[in-house]
Amino acid sequence: MKNAAVFGLILIILAVFAGCGNKTPEPVLEAVTQEKEDTFSCMFDGVKHRFVLELPDVTENAPLVLMLPGYGNNAEAFRLHTSFDKDACPLGYAVVYVTGARDPNSPGSSLGWNYEGNPEGNSDVEFLTALARYLQEEYSLDKTRQYAVGFSNGAFMIHRLAMEAQDTFSAFVSVAGFMPESVWKERRESNSAGFFQITGEKDNAVPKKSDGSADFSRAPAIEDVMEYWAGSNGLQQSETSEIGNGSLLTKYRNEGKTQQVWSLTVSDGRHSWPDSFNNIDTNALILEFLETQQR
């Protein structure tokens with residue numbers, strides 16, 4: 001009986017090691033190449049990407065912010081448009097602007113993101129999480145403070161990334177973005193991630209109850225989406241204040257919870273990155289939000 005017990009124990013140990021050996025490795029970036037001082041290229045799942053990296057003076061335990069541009073835009077142009085790194089790096093943040101890729105099923109498409117999760121499209125969630133892991137290891141960044149910000153098409157992707165990649169990123173910012181119908185249908189019952197939505201009052205790309213545009217859209221109204229992000233994070237307390245030229249900022253937060261959900265409706269704002277016209281410092285507001293998300 002004793003020999004049988006020992007033999008059984010050996011079989012269990014062998015099975016455990018066999019299971020570990022069969023574990024699918026996490027996908028990683030390949031052929032990472034530094035093209036210029038701050039510009040890199042890489043391959044992921046057969047697709048070439050470029051990214052622009054701006055680092056703070058001290059990188060050890062620095063938080064990371066991924067910046068996703070809109071459709072047809074690239075990393076360098078998004079950096080020039082937002083200058084986010086100029087405000088973030090002095091505060092100790094590492095900032096990486098990431099260029100999307102063309103739809104492999106549409107040869108005439110421009111650079112963008114697979115925000116609807118088309119299984120035949122690019123593996124953008126996996127790519128962005130792999131990029132974050134690579135930068136964490138390469139520069140000793142803080143693994144608990146990984147954030148993602150997107151504009152327009154990049155902001156559509158932010159909603160999908162927030163739903164699928166909370167193990168990597170802890171807070172998300174969508175500027176002029178909506179939640180795709182496919183993501184809404186597969187939404188999680190509960191979340192543990194901060195979310196900040198910035199929506200122009202007159203943005204005709206984002207479905208809203210306030211102007212009736214949600215009645216003609218397959219995607220959910222942004223008001224319902226923000227109630228979802230707040231409720232699924234267990235946040236009931238809210239407060240609304242006026243900033244800029246009549247814009248309304250609503251904050252959902254509970255005592256004892258690190259994550260917060262913010263929603264800004266930009267007065268007279270359209271499908272754009274808010275700027276001095278609205279008397280809103282978008283970069284400062286995003287960084288203020290991110291500072292609340294540390295956990």
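Give me a count of the residues in region 63-78 that are among the small types (Gly, Ala, Ser), assigned to a loop (DSSP other than H, G, I, E, B) and either within 16 Å of the chain's Cα centre (by Cα) or crowded, with 23+ Cβ neighbours inside 10 Å (or both).
Qualifying residue count, region 63-78: 1.
Scan (1) surrounded by fewer than 18 Cβ atoms within 10 Å (Cβ to Cβ); (2) part of a loop (DSSP other than H, G, I, E, B) for the single condition Pro274 breaks and write down its number.
(1)
Scan region 277-295 residue by residue and report those that are in a loop (DSSP other than H, G, I, E, B), more than 15 Å from Gln197 (Cβ to Cβ) and either in contact with a Phe, Trp or Tyr (Cβ under 6 Å, 6 or more places away or on another chain) or not polar (S, T, N, Q) (or both).
Asp281, Arg295
Checking Arg145 against (1) within 24 Å of Leu264 (Cβ to Cβ); (2) surrounded by fewer than 23 Cβ atoms within 10 Å (Cβ to Cβ); (3) over 14 Å from the mean Cα position of the chain (by Cα), which single condition isn't satisfied?
For Arg145, the failing item is (3).
Find all pairs meeting these conditions: Cβ atoms under 9 angstrom apart; at least six residues apart or on different chains; first residue within region 79-90 and in contact (Cβ under 8 Å) with a residue 12 or more places away in the chain and in a helix (DSSP H, G or I); second residue of a type in the set (D, E, K, R) and exposed (fewer than 15 other Cβ atoms within 10 Å of the Cβ).
Taking only residues 6 or more apart or on different chains, the pairs are Cys89/Asp57; Pro90/Asp57.
Among the residues of region 177-187, is any more than 30 Å from Val266 (Cα to Cα) and modelled with pLDDT of 95 or more? Quick ask: steps written out before the conclusion?
Of the residues in region 177-187, the ones more than 30 Å from Val266 (Cα to Cα) are none.
The answer is no; no qualifying residue exists.
Conditions tested, residue by residue: (1) of a type outside the set (D, E, K, R); (2) touching a Phe, Trp or Tyr at 6+ places or on another chain (Cβ under 7 Å); (3) not in a strand (DSSP E or B).
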position	(1), (2), (3)
Asn118	yes, no, yes
Gly121	yes, no, yes
Leu128	yes, no, yes
Arg160	no, yes, yes
Met163	yes, no, yes
Phe169	yes, yes, yes
Met179	yes, no, yes
Glu189	no, no, yes
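Kindly provide the set of residues from region 91-111 that are assigned to a strand (DSSP E or B) and either under 14 Å from the mean Cα position of the chain (by Cα) or among the charged types (D, E, K, R) (or both), ordered by number.
Residues satisfying the conditions are Val95, Val96, Tyr97, Val98.
State yes or no: is Val58 of a type in the set (A, V, I, L, M) and part of a loop (DSSP other than H, G, I, E, B)?
In short, yes.
The values are calculated or read from the model by the stated rules, or taken from the named source; none is laboratory data. Computed from a predicted structure; not experimentally measured. Heads up, the Cβs are rebuilt from the backbone with ideal geometry, glycines too, and the neighbour counts pull from every protein chain shown.
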